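A short write-up of the structure that comes next.
Only the coordinates and a few stated rules stand behind these numbers; no lab work does. Bear in mind that the values here come from a model prediction, so they are computed numbers and not experimental data. Because the Cβ atoms are built from the backbone with ideal geometry, glycine has one as well, and the counts that use them run over all protein chains shown.
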Amino acid sequence: MAKVRDIRVDDSRPLLVSAETAAALCGRSSRTWRTWNATARIPRPIRFGRSILWRIDEVRAWIAAGCPNREAWERSPERARLALSSVPDRGNS
């Protein structure tokens, strides 16, 4: 399998990360991370082509919230705030 590189806006800060990178943030292996994904223990990934990636800001917020399972995370106020903060401003500036 080809290694997926993290997707970045610039060279310093990734927005979407691979299972390997997300797992490393938790001190776990990519195999554990993929098992957690299959059992809905982590935030829902984003499919980008054939790649499965996670939003880095969501992974960090999920960790800060105590690593709840996916169902609890998707209902959490932390995730709701995160979702609102990622909506672009569509003002008439």
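Numbers at a glance
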{"read-out": "Counted charge near Trp73, where neighbours are those whose Cβ lies closer than 10 Å (Asp, Glu -1; Lys, Arg +1)", "value": "+1"}
{"read-out": "Packing rank of 75-82, 19-26, where each peptide gets the mean count of other beta carbons within 10 Å, highest leading", "value": "19-26, 75-82"}
{"read-out": "Karplus-derived 3J(HN,Hα), 6.51/-1.76/1.60, for each residue of segment 76-82, Hz, glycine and proline x", "value": "6, x, 4, 5, 4, 5, 4"}
{"read-out": "Residue (of Cys67, Ala38, Pro77) at the positive-pole extreme of segment 32-77, dipole from beta-carbon charges", "value": "Ala38"}
